[in-house]
Amino acid sequence: MSARLDWISQTGGPLRGALRVPGDKSISHRALMLAALAQGQSRVSGFLEGEDTRATARILQQLGVRIAAPSAGERVIEGVGLHGLRPSARPLDCGNAGTGMRLLAGLLAGQGFDSTLIGDASLAQRPMRRVIEPLTTLGARIDSSDGRPPLRIHGNTGLHGHAVTTAIASAQVKSAILLAGLYAGGVTRVDEPRPTRDYTERMLQAFGWPIEFGPGWASLPGRQSLRACDVQVPGDFSSAAFFIVAATLVPGSELLLQEVGLNPRRIGLIEVLRAMGADIRIEAPRQQDGEPIADLRVRHVDLRGIEVPLAHVADMIDEFPILFVAAACAAGVTRVHGAAELRVKESDRIAVMASGLRALGIDVRETPDGALIHGGGLRGGAVDSRGDHRCAMSFAVAGLRAKVRA
């Protein structure tokens, strides 16, 4: 964990103008991995310059992939082919990237060499049994520390296709299985309890792998090949979410967020905010490298509390911290349930957001899988994000509506 940083956020004027948020983190991870396994050179533009995605790039370089960064937000990857990765003499450090670790576990399960995935203190507490167990059904051999990192992955070139029904709705788990399935004999199929974002499926298709998929399922044959292609990473919806809520909450605001990725399994927050009364308009919808993107125009409006529909939970799991802030500023009560996954993210996000909002004068009652948030006037105070970037950004937005310095 890096050294503690203290920040002050306080009430300001309306948010007006246009901006493009940084590239999508989930797509940046996947673009690096598939480009590394492809034959030929791929160029990734709009790459997210974050510690998590850079950790994935460093790991692929340790495994023998040449990756150049000619400019900020751009990577050129010289693919080594499906069987071109080389063993690393050192552990592969994922930093704080849970996405990176879970996807790489699938990718490395079918290699002809052993690998060890490690991470920082926070990642070392994240649950990995959810990905280890389904990978085992394909023949993978992965050791862990009681289901947590480090992960010691034993090389196995004899993976076999299998039909896997996942216990939880998780795009990371599904993607790990599909990446292992690239190396398996026969067909690998994944069925989910609820549909999750299909970034991996769309990108495999763009890189030329034969794959069939629909809401809640995906199926692919193993031992094919990937062909290099260029990828333009759209704006990250999770990053856009903070600006969406900020513009909604601050009187007089109108923002245009340009080229935002709108994967249909990622935008539950838009549907929930609209149900709360938000004015969010989708403009110039279009396709970019197989992903839907659009510009979002957001205007200030007063919100009302609702019961968040369970159907939207999986599609906005990363956006709940900022939804808590929106709920705190809404009239009435907002109820969140079915979101127990929030307790095993970079922090226990239910506890961190509930504690922080109470410090800012909001009545919040935690439940095992969510919270009851009574909207009211935010007041200034001190909050602790527990090193969780999404919670920190959410509290920064809360500061824009606090009555005194927050």
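Only a single criterion out of (1) touching a His at 6+ places or on another chain (Cβ under 8 Å); (2) exposed (fewer than 15 other Cβ atoms within 10 Å of the Cβ) is not satisfied by residue 56, namely (2). Scanning segment 290-301 for residues that are touching a strand residue (DSSP E or B) at 6+ places or on another chain (Cβ under 7 Å) and either over 29 Å from residue 193 (Cβ atoms) or β-branched (Val, Ile, Thr) (or both) gives 293, 295, 296, 297, 298, 299, 301. The set of residues in segment 263-279 that are aliphatic (A, V, I, L, M) and either buried (at least 20 other Cβ atoms within 10 Å of the Cβ) or at pLDDT below 95 (or both) comprises 267, 269, 270, 272, 273, 276, 278. Scanning segment 169-214 for residues that are in a loop (DSSP other than H, G, I, E, B), closer than 21 Å to residue 342 by Cβ and out of contact with any Pro (no Cβ under 7 Å at 6 or more places or on another chain) gives 170, 192, 193, 194, 196, 197.
When 71, 42 are screened for being free of Cβ contacts under 8 Å to residues at least 40 places away in the same chain and farther than 22 Å from residue 174 by Cα, only 71 passes.
Scanning segment 103-152 for residues that are aliphatic (A, V, I, L, M), closer than 14 Å to residue 63 by Cα and not in a helix (DSSP H, G or I) gives a single hit, 117.
Only residues that are outside any loop (DSSP other than H, G, I, E, B) and buried (at least 22 other Cβ atoms within 10 Å of the Cβ) were counted across segment 371-389, and they come to 2.
When 207, 213 are checked against the criterion of being more than 15 Å from the chain's Cα centre (by Cα), touching a residue at least 24 places away in the same chain (Cβ under 8 Å) and over 15 Å from residue 288 (Cβ atoms), a single residue qualifies: 207. Could we say that residue 307 is in the same structural domain as residue 372 (by TED's automatic domain parsing), surrounded by fewer than 20 Cβ atoms within 10 Å (Cβ to Cβ) and touching a Leu at 6+ places or on another chain (Cβ under 8 Å) here? Here the answer is no, as residue 307 does not meet what is asked.
The values are calculated or read from the model by the stated rules, or taken from the named source; none is laboratory data. Quick caveat: nothing in here was measured; it's all calculated off a predicted structure. Virtual Cβ from ideal backbone geometry, glycine too; neighbours counted across all protein chains shown.
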